[in-house]
Amino acid sequence: MNLEKLSLEFGLDRVAQERLVLYGEMLLLWNKTHNLSGIKDLAGFYENILDAIYPLKFICDFDSCLDIGSGAGFPALALAICRPLSAFILVEPRLKRAGFLHQVVLSLGLEHIVVKKSLIEHLELAQDQKVALITSRAVMGCGELIAEGRKFLKKNGYYLFYKGSHLDQEIAFAPDECVYRGNRAYFYRKDR
């Protein structure tokens, strides 16, 4: 995967393309000293971008998103670059990773993103900060994510969790609540 293919497949504009390039460069540079992720080169970076933004093909439009355990920015930073009109809250408890996310947000001028250094269990948001979408990749089980995230979700909001092939061992789901791409299972559920 490369930027040109991503841009064609997802209709990324020039600003999004430039921001993705800078994000990739920053991640590879920080990885050399801080080991934020296992990504070693741009090809690996763009594969992670594809994984992060692939759900834009099937999810409902959203005006706000809270990402639990943002790590090095997947999926939320990639989604935010592609959806600059939506507000994002990235929740990351580890100092190095939260510092990296802050640096990317500042360097890329991503004013629609707020980074919170916190465990989701300790996060406090105002009532008017409820979101339309909660995302997470490789943090905890679906049941825990739903339990921890529900208080931050607007009425009729959605959960989008990036899971592996063993999703059925975590939670019961209807066939229309899951989309597969290779070994990736995208669990997408409207709050009940």
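The values are calculated or read from the model by the stated rules, or taken from the named source; none is laboratory data. Remember, it's a predicted structure, so these values are computed and weren't measured experimentally. All Cβ positions, even for glycine, are placed from backbone atoms using ideal geometry, and neighbour counts span all protein chains on display.
Data overview
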quantity: Cross-chain or 6+ apart pairs with Cβ under 7 Å, the range 168-183 first and more than 17 Å from Cys60 (Cα to Cα) and at pLDDT 85 or above, then outside any helix (DSSP H, G or I) and among the hydroxyl-bearing types (Ser, Thr, Tyr); calculated: Asn183/Ser165
quantity: In the range 131-158, the residues that are part of a strand (DSSP E or B) and in contact with a Gly (Cβ under 7 Å, 6 or more places away or on another chain); calculated: Val131, Ala132, Leu133, Ile134, Ser136
quantity: Meets criteria (surrounded by 13 or more Cβ atoms within 10 Å (Cβ to Cβ), in contact with a Cys (Cβ under 9 Å, 6 or more places away or on another chain), assigned to a loop (DSSP other than H, G, I, E, B) and modelled with pLDDT of 95 or more) for Leu12; calculated: yes
quantity: In the range 37-53, residue modelled with the lowest pLDDT [restricted to those that are buried (at least 19 other Cβ atoms within 10 Å of the Cβ) and closer than 25 Å to Tyr159 by Cβ]; calculated: Ser37
quantity: Meets criteria (closer than 22 Å to His34 by Cβ and among the hydroxyl-bearing types (Ser, Thr, Tyr)) for Ser107; calculated: yes
quantity: Within the range 57-77, considering residues that are part of a helix (DSSP H, G or I) and under 9 Å from the mean Cα position of the chain (by Cα), the one nearest to Tyr188 (Cα to Cα); calculated: Ala76
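The rows are residues; the columns are (1) surrounded by 15 or more Cβ atoms within 10 Å (Cβ to Cβ); (2) part of a helix (DSSP H, G or I).
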position	(1), (2)
Pro55	yes, yes
Ala80	yes, yes
Phe88	yes, no
Lys96	no, yes
Val104	yes, yes
Leu110	yes, no
Glu121	no, yes
